[in-house]
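Read through the structure below, which is laid out as structure tokens, and then see the notes.
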Amino acid sequence: MNNMFCFGTSGGCLDAFYLLKEISNDEREIFFLSDQHIVGENILGHKVVGSFEYASSSKTTGCQFIFQCGSVENHRTRHIWFRKAIESGMVPTTLISSQAYVHKTASIGRGSIIYPGVKIMTNVEIGENCIILPNTVVNHNVRVGDYSIINSACVLNGGVELGHNCYVGSGSSFKENSRVMANTTIGMCSLVLNTLEITGLYFGSPAKLIR
């Protein structure tokens, strides 16, 4: 049985680790990859075997991995390590909490992580390695681009389209059929009423371009 590798050892990376432990019943060995810890260090009973660069070694070929790393500061580049892992022969693991609702007509891209309380309705398309945090509602016919992060308690109403590498702050809401360009950042508790045609940072109710 191939080993499992978890990228990162803090914040949301650990949230993904705990979700993995919650929903996984197999006996595979789990290792951490970290740029902040010494090789051999023990984190929650599991060994750090190397930095993120370790994912490029022959020892990881055919192994599975989970990847949540990304924040409001670096979400536009979070896809880089995910792609490097796949190019090295690693296999992304999709995590969907048993306490999330995902309609049978929805599709979830590989390596995505769906947390408890999330509701994903009919004909939704979630891209590759998207992170959807607790209690967010994704309504019918929504499209979420690859590598996007949607924080807790957001509401994406019907027909919303979110480009790749977007970051949505917690408590934000989107009007029906609004669109957001790739690499856009939405500040927490923002209200998106129109299509955001310029990539940048938006905040407010209604959301306005900050920079």
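The values are calculated or read from the model by the stated rules, or taken from the named source; none is laboratory data. Bear in mind the structure is a predicted one, so any value in this text is a computation, not a measurement. Counting neighbours? That spans all protein chains shown, and the Cβs are built from the backbone with ideal geometry, glycine included. Heavy atoms of the whole protein, side chains included, go into the accessibility calculation; ligands, DNA and RNA do not. Shrake-Rupley method; radii C 1.70, N 1.55, O 1.52, S 1.80 Å.
For every residue, the table says whether it meets (1) at positive phi; (2) at pLDDT below 95; (3) of a type in the set (A, V, I, L, M).
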site	(1), (2), (3)
S10	no, yes, no
C13	no, no, no
E22	no, yes, no
N25	no, yes, no
R28	no, yes, no
L33	no, no, yes
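When region 131-158 is filtered for residues that are assigned to a loop (DSSP other than H, G, I, E, B) and buried (at least 24 other Cβ atoms within 10 Å of the Cβ), the ones remaining, listed by number, are T136, V142, Y147, S148, C154.
Of the residues making up region 68-81, at least one is under 30 Å from G200 (Cβ atoms), in contact with a helix residue (DSSP H, G or I) (Cβ under 6 Å, 6 or more places away or on another chain) and open to solvent by 30 Å² or more (accessible area, probe 1.4 Å). Take the residues in region 99-116 that are part of a loop (DSSP other than H, G, I, E, B) and crowded, with 17+ Cβ neighbours inside 10 Å, then tell me which one is farthest from the chain's Cα centre (by Cα). It comes out as A106. When H46, H79, H37, H75 are checked against the criterion of being touching a His at 6+ places or on another chain (Cβ under 9 Å) and of a type outside the set (D, E), H79 stands alone in meeting it.
Within the bounds of region 27-37, is there any residue that is open to solvent by 70 Å² or more (accessible area, probe 1.4 Å) and without any contact (Cβ under 8 Å) to a residue 12 or more places away in the chain? Scanning region 27-37 turns up no residue that is open to solvent by 70 Å² or more (accessible area, probe 1.4 Å) and without any contact (Cβ under 8 Å) to a residue 12 or more places away in the chain. Looking for something surrounded by 14 or more Cβ atoms within 10 Å (Cβ to Cβ), in contact (Cβ under 8 Å) with a residue 60 or more places away in the chain and either at positive phi or out of contact with any strand residue (DSSP E or B) (no Cβ under 8 Å at 6 or more places or on another chain) (or both) - is there at least one such residue anywhere in region 42-57? The answer is no; no qualifying residue exists.
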